[in-house]
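Shown next, in structure tokens, is the structure this report addresses.
The values are calculated or read from the model by the stated rules, or taken from the named source; none is laboratory data. Because the structure is a prediction, the values reported are computed rather than measured. Counting neighbours? That spans all protein chains shown, and the Cβs are built from the backbone with ideal geometry, glycine included.
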Amino acid sequence: MDLHPRYEVQQSSLQYRYSRYNPRHLHHRVQPMNREIDSVSQSVIVCIGPSVAGQPTQFLLERAFASQSLDWRALSVEVAEEKFGIACAGMLAMGFRGLRLFGQYESQAVTSLANGDTNSHFIGRVTSGCPADNGWQLWDNCGFAWLDCLTWNQPPPSLIWLHGDSRATRSLFVALSQVPVAPPWLWTLAPVDQAAKVLPGQIERLKTEGRLTEAETIDNTSWLQQQLMNTQGESNPPTQKHLALVTQTAAIPDSIGGQISDLHCPSLSMITSHSSALPKLLAGCPLRRIGESELAVAGEAYDLLRWTGVAVDLALLRDAYDEYCDF
């Protein structure tokens with residue numbers, strides 16, 4: 001159930017109201033798409049999977065291209081598993097401008113197309129790509145979508161809490177590592193050794209600060225309360241506390257789940273597929289649960305920014321998403 005009200009955002013949240021979280025800054029670590037690439041006469045994004053039926057991406061992309069008067073097109077193709085590599089090589093050779101992956105190809109692309117990409121191998125899946133000098137440059141849009149969703153609130157998160165080891169927490173960890181100035185965050189029950197491959201040399205510092213731990217250190221609220229207090233600094237007036245929780249595979253311990261109201265957070269954002277976490281966190285704390293539809297739209301918006309350099313209005317994409325789902 002999506003507890004967040006229908007979009008009221010008047011302009012794309014990819015332009016973040018808080019400039020210090022502007023995702024345009026993410027490109028300081030990634031190579032922009034080569035605009036001089038020999039290409040088909042019209043710029044084309046290909047949505048590819050063993051089955052693409054029921055996927056709204058092509059519909060959203062076409063609507064976005066039209067709204068920006070971009071001479072781009074989106075195509076959906078179904079490709080047999082044994083021909084996936086050949087198809088991707090062919091699309092690269094023909095100069096297609098972008099790749100959007102679905103189904104098992106999200107993980108298959110990591111082994112067949114993302115050689116040497118530590119971020120992709122750490123997450124285990126990728127969603128999208130654009131042509132680069134040595135093949136496809138791939139990324140997982142999910143982490144950036146989650147970060148985008150978490151910045152819709154006013155104020156922005158005082159603390160982002162990742163709990164458990166899942167695609168959600170891994171992808172958001174990668175996104176946070178690429179934002180020059182990220183919201184304060186911590187990660188409990190984290191795959192520390194594997195994370196060290198993504199941020200070599202920084203993991204020990206994060207462990208020392210208590211922000212990254214393999215242990216379930218949240219046996220009471222005092223530890224998390226201290227983490228929240230550490231984010232406040234000397235701001236005047238004090239920053240209103242807003243906790244953002246991201247967990248998919250790990251339940252929230254009863255010791256803290258029943259006491260979440262003790263943190264005195266005016267608001268809580270939550271991304272979870274673990275049903276046992278929800279009832280405990282509802283008690284005594286205003287909750288905004290970020291739904292799959294919000295994440296899907298934010299992910300498409302992030303890809304559009306990477307492919308075209310244009311930040312598309314999220315309200316337009318959400319309307320297109322709802323229209324597609326109503327078919």
From the option list GLY124, GLY116, single residue qualifying as surrounded by fewer than 19 Cβ atoms within 10 Å (Cβ to Cβ), under 16 Å from the mean Cα position of the chain (by Cα) and outside the structural domain of LEU228 (by TED's automatic domain parsing) is GLY124
Checked LEU113, LEU101, LEU138 against criteria (touching a helix residue (DSSP H, G or I) at 6+ places or on another chain (Cβ under 8 Å), closer than 15 Å to GLU300 by Cβ and of a type in the set (A, V, I, L, M, F, W, C)); the one match is LEU101
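Return the residues of the range 42-75 that are aliphatic (A, V, I, L, M) and in contact with a helix residue (DSSP H, G or I) (Cβ under 9 Å, 6 or more places away or on another chain); say none if nothing qualifies.
Applying the first criterion (aliphatic (A, V, I, L, M)) to the range 42-75 yields 44-46, 48, 52-53, 60-61, 64, 66, 70, 74-75.
Listed by number, the residues that qualify are VAL44, ILE45, VAL46, ILE48, VAL52, LEU60, LEU61, ALA64, LEU70, ALA74, LEU75.
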Would you check if there is a residue in the range 84-99 being basic (Lys, Arg), at pLDDT 95 or above and farther than 18 Å from ALA311 by Cβ? no
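Assess whether ASP133 counts as being among the charged types (D, E, K, R) and in the same structural domain as ALA182 (by TED's automatic domain parsing). I'd like the intermediate steps shown before the answer.
Numbers: among the charged types (D, E, K, R): yes; in the same structural domain as ALA182 (by TED's automatic domain parsing): no.
So ASP133 does not fit the description; no.
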The residue that is modelled with the lowest pLDDT, considering only those in the range 162-172 that are buried (at least 24 other Cβ atoms within 10 Å of the Cβ) and either among the hydrophobic types (A, V, I, L, M, F, W, C) or within 16 Å of GLU300 (Cα to Cα) (or both), is LEU162
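When you go through VAL192, VAL181 one by one, which is the residue that is under 21 Å from HIS121 (Cα atoms) and surrounded by fewer than 23 Cβ atoms within 10 Å (Cβ to Cβ)?
Working: VAL181 fails: under 21 Å from HIS121 (Cα atoms).
The conditions single out VAL192.
Look through the range 127-151, keep the residues that are at pLDDT below 90 and of a type in the set (Asp, Glu), and return whichever of them is farthest from ALA175 (Cα to Cα).
As a first pass, look at the range 127-151 and keep what is at pLDDT below 90: 133-134, 146-151.
If we keep only those that are of a type in the set (Asp, Glu) too, we end up with 133, 148.
Working: ASP133: 23, ASP148: 10 Å.
Checking each candidate, the answer is ASP133.
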